[in-house]
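Quick notes on the structure that follows.
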Protein chains: 2
Amino acid sequence: MQELKEFYRNQLLNDTVPFWFPRSFDKEYGGYLLMRDADGSLLDDDKAVWIQGRAAWLLATLYNTVEAKQEWLEGSKIGVDFLEKYCFDTDGQMFFHVTRDGKPIRKRRYFYSETFAVIGMAAYAKASGDKRVAERARELFGKCIEYATTPGLLTPKFTNIRPAKAIGVPMIMINTAQQLRETVGDPRCDEWIMKWILEIERDFVKDDIQCVMEQVAPNGSIIDHFDGRMLTPGHAIEASWFILNEAKYRNNDPHLVELGCKIIDYMWERGWDKEYGGIYYFRDVYNKPVQEYYHDMKFWWPHNEFIIATLLAYTLTKDNKYAEWHKMVHDYSYNHFYDKTNGEWFGYLHRDGTISQTAKGNLFKGPFHLPRQEWYCWKTLDEFNATLV
Amino acid sequence: MQELKEFYRNQLLNDTVPFWFPRSFDKEYGGYLLMRDADGSLLDDDKAVWIQGRAAWLLATLYNTVEAKQEWLEGSKIGVDFLEKYCFDTDGQMFFHVTRDGKPIRKRRYFYSETFAVIGMAAYAKASGDKRVAERARELFGKCIEYATTPGLLTPKFTNIRPAKAIGVPMIMINTAQQLRETVGDPRCDEWIMKWILEIERDFVKDDIQCVMEQVAPNGSIIDHFDGRMLTPGHAIEASWFILNEAKYRNNDPHLVELGCKIIDYMWERGWDKEYGGIYYFRDVYNKPVQEYYHDMKFWWPHNEFIIATLLAYTLTKDNKYAEWHKMVHDYSYNHFYDKTNGEWFGYLHRDGTISQTAKGNLFKGPFHLPRQEWYCWKTLDEFNATLV
């Protein structure tokens, strides 16, 4: 346990973070240049708004929880400034993809840019003590609640003929609220977190078929079409560790521990590839073909989520099953995703574990899931080891 | 050549078409039930509008060019009726995805539903002699021209900060016009076909780097970002055989033959996987990583397009290179995609040629690319063999 803790700390601080920073700070236009190839060379100077917020969060979180390094504080600030200056449309909604100098390329019908801006701003506000940014994070959190609870407020992708809701919204909102609470605080967080956990438990977790759905009808029923049958183990597992994290916050609340572990149990069975190892991206709830072409590829981030979730479950339950699963995902991941030559992880493997493409950063990948995993596992083991002494 | 002709004819009439029909006719609601697994069992009873139009085209084309079978004429009619009755929104734009009983699920910001409705209606109008449907096809073709030539008429996916155009529009429009001309005729076709060919030649074909772009700036320059660098060999090759088809229509016009063959030469080099065989889905123009996750998978339809293009190029030039390439793609395809047990082709292979998923039909795959290839190759060889006698 002591060794594992050191491993995560060392990977984070001497491998993952140095891969990205300081070279990704854009001193000319602000924000970060993150779309990088295996060796760190820049593939594209566009900026993905999700990842601008996520990187600002990472840097401020390192400052808040690891060491008060000026580079991290200033680094977080240039991301937050860029978000505030360039990433909001006149209607208050955020963009998804902007040019290096902050001109909008694409806006999407989701509010994930907003959720990542909330955690980036909140962590930076804590690090800097900037009250205005703290208030801005809270306001934007309020806006996210509005988007999450007002169907039709954002242009929908589908008609209302077959209404559906996705686990992504309550899942991400739990984490957004937890991060906001941990940094600058907001009186709404406790209540909303429990509401979103209840929604996941009531509508998405299916005990009869031992499964967590990605999408359901508004009343929680399964929609027996391609989209409705599609499972995303990575998302469910992300929800599971946010729930276990909440259990910890609430004095190891036994119901939340049970719920989080149940989700891991169900989705380990659905998600782990027994033939090649690694976590599938999508599965069909009835094992039918999945419409999405990359369904059986191994993406980096579900592995980060499984590594966290299994470790956290183990520290909360001391059930050896979770230690074993943790070791299985950990070993698979650091053997297959980790780039021994240049550091950091590749993002995309074929089902058989061979590398599909070498980018370390693009519209969806950047300094977030991997450093968050290494940071969270290090901190979790630090606390856990202390209880063992 | 005689054997190959027989092979395509036999596959089409005794394998591919019987896989789909008559079982896919929806006698209750009209249209076709096409989302089928390997063994033909139904995976989803939704209807993809593109493929409703394409299947109506196939059935009427078989009636028009193979045999005046009542099943094919009636079969085409139930697709055309379904399109007319359920697949148009009140603003005149077509839907993309509807329920079995014709309720709209999704509308997209493209007009490909319209282009496939044009060819379906036009072929049916020829088969049935129905003048009203012929006029409807011409009207809808006019609407497609309007969409294609009026930027901003359809809600754009991106802002106008970095304007771009895709080869898909002129490419599909050439085929739409060729099919309309061949069935019920329209005086606009000849001129527009040559305009679209010129647009592809002028803006998308890059002789200096021996490449055909998928997307360029309005003035034809390369946009050096993820999306702008991405090549789609299957699309370029589809364009190449539409151009060669036009060359044939214009008494083997030597400039069009040269242009079509050049596109094949460039994209064979870019698209053929020298290690595993088969055609890549996407490539980066500078061999950098591609953002789309399934870039190196082997999809069925680019193989259909390469099979047609290389055969057509051979019959027009008698250059043995094209006969060799034809044999390479043909052999790869019928060895890897063809389902020896149930007939028809699988749609999706991993890079190494193993099957990724077993569906024969879904939102994007149905009775179109494969039967069109078998039909077109059969007819092409029929004509070619006649010239050899």
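The values are calculated or read from the model by the stated rules, or taken from the named source; none is laboratory data. From a predicted model like this one, the values you see are computed outputs, not experimental measurements. A quick note on method: Cβ atoms are made from the backbone with ideal geometry, for glycine too, and the neighbour counts reach across all protein chains shown. To get the accessible areas, we keep the full protein, side chains included, count just its heavy atoms, and leave off ligands, DNA and RNA. Shrake-Rupley method; radii C 1.70, N 1.55, O 1.52, S 1.80 Å.
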Bins of 5 Å, starting at 0 and running to the largest distance - Cα pair percent for the range B:307-354: 5, 22, 22, 18, 15, 12, 6, 1
Under-23-angstrom lysine pairs by C-alpha in the range B:146-283, whenever the two are 8 or more apart or on separate chains: 11
Threshold 50 Å², the range B:35-81 residues less accessible with all protein chains present than alone (1.4 Å probe): B:43, B:44
FRET efficiency, 1/(1 + (r/R0)^6) with R0 30 Å, evaluated for residue A:132 and residue A:191 via beta carbons: 0.75
The range A:250-369 - convex hull of alpha carbons, volume per residue in Å³: 131
Relative contact order [Cα under 8 Å, 6+ residues apart], chain B, whole percent: 18
Against the rule of thumb 2.2 N^0.38 Å, how large the Cα Rg of the range B:110-268 comes out: 1.07
Protein accessible surface hidden between A and B, which excludes ligands and nucleic acids, total in Å², probe 1.4 Å: 3700
Residues in the range A:260-274 reached by a label modelled at residue A:1 [backbone nitrogen below 19 Å; 7 Å Cα→Cβ]: none
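Can you give the FRET efficiency for residue A:253 and residue B:208, using 1/(1 + (r/R0)^6), R0 = 56 Å, r = Cβ-Cβ distance, to the nearest 0.05? Provide the component values of the computation, followed by the final result.
Working: r = 65 Å, r/R0 = 1.17.
The pair residue A:253/residue B:208 has a calculated efficiency of 0.30.
Suppose all protein chains stay in the model; what accessible area per residue would a 1.4 Å probe give for the range A:22-157, in Å²? Working shown, then result.
Values: 5240 Å² over 136 residues.
Solvent-accessible surface per residue comes out at 39 Å².
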Measure of compaction for the range B:169-246 (Cα Rg per 2.2 N^0.38 Å): 1.16
Virtual paramagnetic centre 7 Å along Cα→Cβ of residue B:331, amide N under 14 Å, in the range B:1-24: none
Label point 7 Å beyond Cα along the C-beta direction, distances from residue A:187 to other copies (nm, shortest first): 7.5
Buried on assembly, the range A:215-230 (at least 20 Å² less accessible surface than by itself, 1.4 Å probe): A:225, A:226, A:229
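Per the helix-only calculation at 222 nm, which mean residue ellipticity applies to chain A, given -39500 (n - 2.57) for every DSSP H run of n ≥ 4 and division by its residues, nearest 500 deg cm²/dmol?
So the calculated ellipticity at 222 nm is -17000 deg cm²/dmol.
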Square roots of five times the Cα gyration tensor eigenvalues for the range A:237-297, Å: 28, 10, 10
Rh (Kirkwood; distinct C-alpha pairs) - the range B:40-184, Å: 15.7
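What fraction of the Cα pairs in the protein assembly as shown, stated in percent, has a spacing above 54 angstrom?
14
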The range B:200-312: mean projected area of Cα convex hull, nm²: 7.0
Chain-alone versus full-assembly comparison, the range A:143-162, residues with accessible loss of at least 10 Å² (1.4 Å probe): A:157, A:158, A:159, A:161, A:162
Equivalent ellipsoid, the range A:100-139 (semi-axes from 5 times Cα gyration tensor eigenvalues, Å): 23, 13, 8
Residue order for B:16, B:387 - accessible surface, 1.4 angstrom probe, largest first: B:387, B:16
Whole-Å semi-axes of the ellipsoid equivalent to chain B (Cα gyration tensor, √5λ, descending): 28, 25, 22
Rounded percent of accessible protein surface that carbon and sulfur make up, the protein assembly as shown, 1.4 Å probe: 49
